[in-house]
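Take a look at the structure set out below.
Computed from the coordinates by the stated procedures, all read-outs in this text should not be read as laboratory data. Please read these numbers as outputs of a predicted model, since none were measured by experiment. Cβ atoms come from the backbone with ideal geometry, glycine included; neighbour counts cover every protein chain shown.
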Amino acid sequence: MDFTFSDDQLAFREAVSRFLMTEAAPEMLREIWETDVGRSPDLRHKIAEQGLTALSVPESCGGLGMDDVAWSLMTQELGYYAIPDSLADTAYVATGLISALPESVAARDEWLSRIADGNIRIAVGHPVNPLVADAHPADVLLLAHGDEVHAVPRSLADVIANPSIDHSRRLGRVVWEPNSATRVASGEVGRAMWAATLERGVLSVSGQLLGLAQRMLDLSVDYTAQRKQFGRPIGSFQAVKHHLADVATRIEFAKPVLYRAAHAVAHGEADVSVRVSHAKLACGEAAWLAARHGIQVHGAMGYTWEVDLQMFMKRAWALDASWGDRGFHKARVAGLVLGDAAALGPGRTFGE
Amino acid sequence: MELAFTPRQRAFRAEVRAWLADNVPRTPLASYDTHEGFDQHREWERRLFDARLSMVMWPEALGGRGCDLIEWLIFEEEYYASGAPLRVNQNGQLLLGPTLMEFGTEAQKQRFLPRMASSEDMWAQGWSEPNAGSDMAAITSKAIREGDHYVLNGQKTWSTRAIYADWLFGLFRSDPASSRHHGLSFLTVPLDAPGVTIRPIRALNGKEAFAEIFFDDVRVPVENRIGDEGQGWHVAMATAGFERGLLLRSPGRFQHTARRLVALYQAHRESADRDPTIRDAVCESWMGAEAYALSAYHTVGRVAKGARIGDEASTNKIVWSELDLKMHETAMRILGARAELVAEAPEAEDGASWLEGFLFAQAGPIYAGTNEIQRNIIAERMLGLPKS
């Protein structure tokens, strides 16, 4: 029993954080988000050079074969630096789905190699999400038709933009016609792939929400330590302190829930859906509390376009209902908790 | 990350589970806030000790069995899952015990710890004073050195179960010229010493659950001091760290409460569902208890790798105390008009155990450092915000 990360995993996270701190500064993100496509091939190239797009790709296809547990650290960094959906969706969620495709799918290894090289964007249209994120700049879209999985070239789909309040988000209604040429899985296999993709997608946004929460907390601590009223920093007032202490506490106790869920996904555990939904709820609530208290302690500055808090706050508001809203996840938790009391209680945390 | 228990850990769990199944009293003991119940609990502690299950983490030579933190978590899970009695000597075992391990001399450890593990000695805590609550550094009770004795004068209060206890540990001002956290010493005091007067205080449940203690020229040998003279604050803060942290309230306790709450909800589903927020609160309770358990395993794993539990322990205290309150509030709401009935009431449900727990849960955000103090600590030490 060792519910911790290895030194290597932690060091890798640290390296990614340092890289994104320099390369994805808020002022740069703002510039990128102002463009029509909202994405920067240059930033994507740099990220790929760091090997970030190759993390999940199996070693046989030029990747690092990293699992969901290590990704639960990575997604927090992507959230912390508000890296748009395309990266996690391609390098983590889509990679998981494509890796699970049968060898008979001719393009499988080619897609995986191109993901590792960083020269393909893949969007994932899971039925739980009404719209598809980053469909517009994608090269390939993974779309659902019933249980079937279709890999649709961008040229065969129309994307109708649905702008979000979060400028990092590029959502689209995808209009397409399923046909046998695009179908890569169906029946039981397809259903299992969509089910696994759901858990991975939820895990991905959960980690990002937690990273966003931490970023908003850090911004709020910095601001309240500097901003003076009544002749002293407002961060010295208990009312302000307690707001931020509550956010810190919420974040501390969401982390292990996320890690437990990541392990459940990585090992296909029986209670995976409950673990993952618990993580989503814990991380989403931490992010929303960080936003609520963050804007409060920023005062009027928090309500401006100018102060960076809004970038992370809006993304937190948006991601909270992506990959299943709270009702969806609460229902999954309730299914276990209110259904079978025998499966609860002390000593069940690790499925004994 | 390796989330399987080792064969040794599984065997330990099985042993504990089997022993508890054979030994946990079938009818609940009387409240340990009564003489009768206190004696029953002392007897229960003795049985635990004889099976070497009283203080599993302590070294064998001191009455324990040398378990590591993971085994301790396993023990606690099984203990609470079995519905075993609450631990009556926890002030000594969980607060003073770890302090003695860290600051006590070999002789002090031998003298105090085995008798504490077996509950031959019951311990009360002597920190708070009428004018030193959250502001503990305002302590004025004195311990003036006279040769190889200290002479104690002053008053302590909110000392849990002190009217039944044999010993007290607490902070006294050994340097009369000192102020705040300087010049304090950490002393152990036999409560039958001449000059000690204990006056019970009735708690919310009407029972004499705590007491105030008066010291009039009470002579305590110097060998009863834990740590150096004048270093009492440092020694006490280490104890406070343990207290706020994991040891005092292990996750098994709250997971067990969450499971009982689910069962209560299931038994009253039809009436409970008329209030749509109850169902959500029940699910939240399970998630909260589970998150606390996961955090404990994560922390324990980090400690095993050499990390030290620091100020993040303050987040623990807030989480378990507020979770406990929330769970008991939800139970009261489910029980509805019967929730107010005390144990003697013929129509009280579940022996009014939810009501007892509800009352005790009110104290959680107050004792062991109020949650407001914990939030200050988090803000100032974890987040680095400026001091008030």
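What angle, in degrees between 0 and 90 and rounded to the nearest 10, separates the Cα long axis of helix A:108-117 from the longest principal axis of the Cα atoms of chain A? That works out to roughly 30 degrees. Close Lys pairs in chain A (alpha-carbon distance under 18 Å; sequence gap of 8 or more, or different chains): 4. In a simple Cβ point-charge model (Lys, Arg +1; Asp, Glu -1; nothing else charged), the protein assembly as shown has a dipole of about 800 debye relative to its Cα centre. If I histogram all Cα-Cα distances within the protein assembly as shown using bins 10 Å wide from 0, what percent of pairs lands in each bin? It works out to 3, 13, 22, 22, 18, 12, 7, 3, 1, 0, in whole percents.
Most mobile of B:Lys156, B:Lys109, B:Lys305 per a Gaussian network model of chain B (Cα springs, under 10 Å)? Fluctuation is largest for B:Lys305. Can you give the FRET efficiency for A:Arg30 and B:Arg145, using 1/(1 + (r/R0)^6), R0 = 60 Å, r = Cβ-Cβ distance, to the nearest 0.05? The computed FRET efficiency comes out at 0.35. Projecting the Cα atoms of B:Gly288, B:Pro276, B:Gly306 onto the charge dipole of the stretch B:265-320 (Cβ charges, centred on the Cα centre) puts B:Gly306 farthest toward the positive pole. Helix A:68-80 axis versus longest C-alpha principal axis of chain A: approximately 50°, rounded to the nearest ten.
Each 10 Å bin from 0 upward holds the following percent of the Cα-Cα pairs of chain B: 5, 21, 32, 27, 12, 3, 0, 0. Zone of B:Ala177 (label point 7 Å along Cα→Cβ, backbone N under 16 Å): which residues in the stretch B:138-156? Output list for this probe position: B:144-145.
Remark: spin-label model distance A:Val128-A:Ser104 equals 2.9 nm, labels positioned 7 Å along the Cα→Cβ axis.
For A:Ala196 and A:Arg173, a Förster radius of 25 Å and the Cβ-Cβ distance give a FRET efficiency of 0.50, rounded to the nearest 0.05.
Grab the other residues whose beta carbon is less than 13 angstrom from that of B:Leu113, score K and R as +1, D and E as -1, and report the net.
Working: positive: B:Lys109, B:Arg111, B:Arg115; negative: B:Glu60, B:Glu102, B:Glu106, B:Glu120, B:Asp121.
Local charge sum for B:Leu113: -2.
Using a cutoff of 8 angstrom between alpha carbon atoms and counting only pairs six or more residues apart, the relative contact order for the stretch B:7-88 works out to 35 percent. Each of A:Thr22, B:Thr188, B:Thr140 has some number of other Cβ atoms within 10 Å of its Cβ, and from fewest to most they run A:Thr22, B:Thr140, B:Thr188. Backbone N atoms of the stretch B:312-340 closer than 18 Å to the 7 Å Cα→Cβ label point of B:Arg274 belong to residues B:330-340.
Principal-axis analysis of the Cα atoms of chain B puts helix B:7-23 at an angle of about 90° to the longest axis.
For the peptide B:295-307, the mean number of other protein chain Cβ atoms found within 10 angstrom of a residue's Cβ is 4.
Ignoring aspartates and glutamates fewer than eight residues from B:Lys109 along the same chain, the ones with Cα atoms less than 16 angstrom from its Cα are B:Glu60, B:Glu120, B:Asp121, B:Glu223, B:Asp228.
Between the stretch B:219-237 and the stretch A:214-254, what is the separation of their alpha carbon centroids in Å? That distance is 37 Å. For the stretch B:7-88, the calculated P(r), taken from all Cα-Cα distances in 10 Å bins from zero up to the bin holding the longest distance, is 18, 50, 27, 5, 0 percent. Work through the residues other than A:Gly79 whose Cβ is under 10 Å from its Cβ and net out their charges, Lys, Arg +1 and Asp, Glu -1. The answer is +1.
How much FRET efficiency would the formula 1/(1 + (r/R0)^6) give for B:Ala107 and B:Arg202, where r is the Cβ-Cβ distance and R0 is 30 Å, rounded to 0.05? In this case the efficiency is close to 0.20.
Spacing of the modelled spin labels on B:Thr34 and B:Asp228, each 7 Å from Cα toward Cβ, amounts to 5.0 nm.
The simple spin-label model puts a point 7 Å past each Cα toward its Cβ; for A:Gln296 and A:Leu64 those points are separated by 3.9 nm.
Here the dipole of chain A is about 1140 debye; that uses its Cα centre as origin and unit charges on the Cβ of Lys and Arg (positive) and Asp and Glu (negative).
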